[in-house]
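Here's the structure we're looking at; comments come further down.
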Amino acid sequence: MSYYGKLSSAFYDLDKYIGKSFGDVEYYENRLKDVRGKVLEPAVGNGRVLIPLLEKGIDISGFDLSDDMLAFCRAHLEERKLKADVSKMDMSTFELDEQFEAIILPAGSFLLLHDREQSISALKCFYRHLEAGGRLIIDLDLPGDFQTGSIFKRLIKCGENESITIEGTLVNVDFVNQVKYSHHKYEKWKNDKLVDTELEVFPLRWYGVEEMVLILKQIGFKEVVISADYEYGTYPVSANQVITYEATK
């Protein structure tokens, strides 16, 4: 499973800052507004979704596999004088002595589990940790570019005369196992001098729209509602839409 390192976490925190929403923050606030029990966010990242939900009075905790991401999340909580239990765990193997009314995975973070056995194990973990009638709400994306060798580049400012750049190259598409592999190169620049570099292999899995429904029901979920672009119950019509599954135990 891919996880974020020092530079990639810093880039993520600057790019997906607390207060930024893709429509997901408002959607999750709405879908969780009647929840009175505990909510869990695996792959919590820097707290971009957890913190606004916490500010709405939702009893939410989270975990992540990246120490650097967790450091950002804890710092943002401290800055706002908020408290939430955030810890280091793997979503494919975690075990907790409590159950939750809802488990959420916004922004396609579940797709980082590129190994099928790990992804199924994670879904089973989510199911076990939900109360009867509890809900799993999970965002997925369909793959876009299949052209190996395609490159994207981005730059983000991180201070006075400082920036972090990313260059990503799609190196392989495994159609049989439904995984795309990219190589990411992060570079930190200060006063036009390279001061740090980080290389990352970044695999992403994808699922067919109805394939995920079948998987969730096979695991034991009773009802699954598919939504597109954060419009509840609206079935997707385009591959570039965000697809959200809400599965009830």
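Observations, loosely collected:
- Shape category assigned to the stretch 122-249 from the gyration tensor of Cα positions, a/c cut at 1.5: prolate
- Its Cα gyration tensor gives the chain an equivalent ellipsoid. The semi-axes, each the square root of 5 times an eigenvalue, are 29, 23, 16 Å from largest down.
- Rg(Cα)/(2.2 N^0.38 Å) for the stretch 191-249, N = residue count: 1.74
- Rolling a 1.4 Å probe across the protein heavy atoms gives the stretch 86-141 an accessible surface of 38 Å² per residue.
- Separation in nanometres of the label points that stand 7 Å from Cα toward Cβ, at Glu79 and Arg116: 4.2 nm
- The stretch 38-120: relative contact order in percent, alpha carbon pairs under 8 Å with at least 6 residues between: 36 percent
- Solvent exposure ordering (accessible area, 1.4 Å, most first) of Glu131, Glu210: Glu210, Glu131
- Protection proxy ranking of 188-197, 155-164, 22-31, 4-13, by the mean of other Cβ atoms within 10 Å over each peptide's residues and highest first, is 4-13, 22-31, 155-164, 188-197.
- Here's the list of aspartates and glutamates a cross-link from Lys185 could span, going by alpha-carbon distance under 18 Å and ignoring same-chain residues fewer than 8 apart: Asp13, Asp15, Asp68, Glu162, Glu167, Asp196, Glu198, Glu200.
- Ratio of Rg to Rh over the stretch 125-173 (Cα coordinates, Kirkwood Rh, two decimals): 1.26
- Neighbourhood net charge (14 Å Cβ-Cβ; Lys/Arg +1, Asp/Glu -1) for Leu170: -1
- HN-Hα J in Hz across the stretch 13-23 - Karplus 6.51, -1.76, 1.60, θ = phi - 60°, x for Gly and Pro: 5, 6, 7, 10, 6, 5, x, 8, 9, 9, x
- Segments 225-234, 100-109 sorted - mean Cβ within 10 Å per residue, highest first: 100-109, 225-234
- Rounded accessible area of His114 (nearest 10 Å², 1.4 Å probe): 40 Å²
- Hull volume in cubic angstrom per residue (convex hull over the Cα atoms of the stretch 1-88): 93 Å³
- Equivalent ellipsoid dimensions for the stretch 58-131 as semi-axes, Å, which come from the Cα gyration tensor, largest first: 23, 16, 10
- Near Ser150, the amide H atoms lying under 5 Å from its own belong to Leu170; only residues 5 or more places off or on other chains count, and H is placed 1.01 Å from N.
The values are calculated or read from the model by the stated rules, or taken from the named source; none is laboratory data. Note that the structure is predicted; figures quoted are calculated from it, not measured. FYI the Cβ positions are ideal-geometry reconstructions off the backbone, even for glycines, and counts take in every protein chain you see. Just so you know, the surface numbers come from the protein's heavy atoms only, side chains and all, with ligands and any DNA or RNA stripped out. Shrake-Rupley method; radii C 1.70, N 1.55, O 1.52, S 1.80 Å.
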